[in-house]
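The values are calculated or read from the model by the stated rules, or taken from the named source; none is laboratory data. All figures in this text were calculated on a predicted structure; none of them were measured in a lab. Note: ideal-geometry Cβ built from the backbone for every residue, glycine included; neighbour counts use all protein chains shown.
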């Protein structure tokens, strides 16, 4: 699928990996719609990128709000070609600790945002994509979800996050199979350690210590490298149904 003149919905598109993807798609001539609760960052990015960028302050778990926002996207840009899901949250809490068992409400919240929220967006985008005419590659749309290497090698204290991202990874192939007859692809990226605002807040020393476990190059990933990978997947029609690591070769202990 060509990015020029495409219309994308990018969740979490106002910061980190999502922001880098928003900027990449826009630089290649695409129209980008940011679904992100961070209203300040979203509006600033919308203003910076201009008329081919729109921000919507919506919760990925809110079915009604998302549907309304998607309908506005259709009314403004006439179509949706691409959906990239980067929105997510994390916490650190063990299954059981001296404070007691893992708080169930916090576990459910992580699952709701990271897994249910991802599915909520993609299913509603798929409905609109199915109405697109076939492009020259016989495609109507593509969905790219964001899991994590924690889905495969979750560390202690990551039970909720790992479970949510494991679900995102596991639904990749079934979604791709479900949507094949509609000529819609579904892929998933499992990023390693990336220099996002969450990691930057840990400080330089902590980031350097984490980078030591990366095989090569010995550093954290840059958000623009994630965005580049997303754009490559969009443009390579034969990539479908796969969960792909982007991690510098790291394997979490």
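Values computed for the structure shown
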read-out: From the options 145, 137, 132, residue that is under 21 Å from residue 25 (Cα atoms) and modelled with pLDDT under 95; value: 137
read-out: Conditions (1) more than 19 Å from residue 65 (Cα to Cα); (2) out of contact with any helix residue (DSSP H, G or I) (no Cβ under 8 Å at 6 or more places or on another chain); (3) part of a helix (DSSP H, G or I); number of the one not met by residue 112; value: (1)
read-out: Residue in segment 117-139 that is touching a residue at least 24 places away in the same chain (Cβ under 8 Å), surrounded by fewer than 15 Cβ atoms within 10 Å (Cβ to Cβ) and closer than 19 Å to residue 167 by Cα present; value: no
read-out: Selection within segment 17-40 - touching a strand residue (DSSP E or B) at 6+ places or on another chain (Cβ under 8 Å), crowded, with 21+ Cβ neighbours inside 10 Å and not in a loop (DSSP other than H, G, I, E, B); value: 17, 18, 21, 22, 25, 31, 32, 33, 34, 35
read-out: Pairs with Cβ under 6 Å, 6+ apart, first in segment 171-182 and free of Cβ contacts under 8 Å to residues at least 60 places away in the same chain, second part of a helix (DSSP H, G or I) and crowded, with 16+ Cβ neighbours inside 10 Å; value: 179/126
read-out: Every residue from segment 49-81 that is touching a residue at least 24 places away in the same chain (Cβ under 8 Å), under 12 Å from residue 34 (Cα atoms) and crowded, with 18+ Cβ neighbours inside 10 Å; value: 49, 53, 55, 60, 66, 69, 70, 73
read-out: Looking only at segment 170-196, and only at residues there that are in a helix (DSSP H, G or I) and buried (at least 20 other Cβ atoms within 10 Å of the Cβ), the one that is nearest to the chain's Cα centre (by Cα); value: 172
read-out: Residues of segment 61-79 classified as in contact with a helix residue (DSSP H, G or I) (Cβ under 9 Å, 6 or more places away or on another chain) and closer than 25 Å to residue 165 by Cα, total; value: 6
read-out: Pick from segment 60-94, criterion part of a loop (DSSP other than H, G, I, E, B) and closer than 14 Å to residue 141 by Cβ, ranking: farthest from the chain's Cα centre (by Cα); value: 78
